[in-house]
Amino acid sequence: MLDYAEYIKIFVGMLAIVNPIGAIPLFISMTADETGRQRRQTVNQVGFGVAVILLVSLFFGDPLLQFFGITIDSFRVGSGILILLMAIAMLHAKTSPIRQTDEEADESIDKESVAIVPLAMPLLAGPGSISTVILASHKASGAAHYMTIAFGVLMLSLVVWAVLRLSPWIERHISATGINIFTRIMGLILAAIAIEFIANGLKGLFPALA
């Protein structure tokens, strides 16, 4: 088990990567043709999808790395670079192509349901958040550690659900500038987390740097 400050840090990192506030404009546009009941159903599916994707990553991500022979330090460096690219896009108040490409955005317009793809994955629970969850699982061992992170994932999914349910109200009361400011703040936090991942990974790969 880690101390509570570390688990709070992990949760804040996951929240910064998922960035549900920044996803509001895309959510509104993708569900513009839905009725109120359909939109509520979409929100429920998104929240459930985010929880399932990240929980599966938590419990099965490490065996997958072992299967491909990938060391955790190499994964830290790769994940750090990936998250840093996402952070740079967020600092420019843009959606990173890592989360969703233009082709995926165009394809989503024609989808009957956009809850799981592309909203839950890759827009919210994308490569960055999946990598963060897998790396968080390596910070300690034991059932209590995994259960604590799983609880954080469930709380994160609840935050995503609540933000999307309140998205019409948030859009009316917070301007696009306000959402962009929040996105840039999350991007700054994300950049710091990415550098930490890269630094720790390099120390593991090259012990002389420690």
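Evaluate the following for residue 20: is it under 30 Å from residue 171 (Cβ atoms), in a helix (DSSP H, G or I), in contact (Cβ under 8 Å) with a residue 60 or more places away in the chain and not acidic (Asp, Glu)? Working first, answer last.
Details: under 30 Å from residue 171 (Cβ atoms): yes; in a helix (DSSP H, G or I): no; in contact (Cβ under 8 Å) with a residue 60 or more places away in the chain: yes; not acidic (Asp, Glu): yes.
For residue 20, the condition - under 30 Å from residue 171 (Cβ atoms), in a helix (DSSP H, G or I), in contact (Cβ under 8 Å) with a residue 60 or more places away in the chain and not acidic (Asp, Glu) - is not met.
Can you find even one residue in region 47-64 that is at positive phi and either acidic (Asp, Glu) or surrounded by 14 or more Cβ atoms within 10 Å (Cβ to Cβ) (or both)? Lay out the reasoning, then the answer.
Taking region 47-64 and keeping what is at positive phi, we get none.
No.
For region 174-195, which residues satisfy the criterion of being of a type outside the set (A, V, I, L, M) and surrounded by fewer than 14 Cβ atoms within 10 Å (Cβ to Cβ)? Walk me through how you get there before you give the answer.
Just the residues of region 174-195 that are of a type outside the set (A, V, I, L, M), to begin with: 175, 177-178, 180, 182-184, 187.
Answer for region 174-195, where residues must be of a type outside the set (A, V, I, L, M) and surrounded by fewer than 14 Cβ atoms within 10 Å (Cβ to Cβ): 175, 177, 178.
On the basis of being at pLDDT below 90, assigned to a helix (DSSP H, G or I) and more than 23 Å from residue 47 (Cβ to Cβ), does residue 106 make the cut? Before you say what the answer is, go through the steps one by one.
Working: at pLDDT below 90: yes; assigned to a helix (DSSP H, G or I): yes; more than 23 Å from residue 47 (Cβ to Cβ): yes.
Here the answer is yes, as residue 106 does meet what is asked.
What's the number of the condition residue 71 fails, among (1) buried (at least 16 other Cβ atoms within 10 Å of the Cβ); (2) within 16 Å of residue 138 (Cβ to Cβ)?
(1)
The values are calculated or read from the model by the stated rules, or taken from the named source; none is laboratory data. Note that the coordinates shown come from a computational prediction; the quantities given were computed from them, not determined experimentally. A quick note on method: Cβ atoms are made from the backbone with ideal geometry, for glycine too, and the neighbour counts reach across all protein chains shown.
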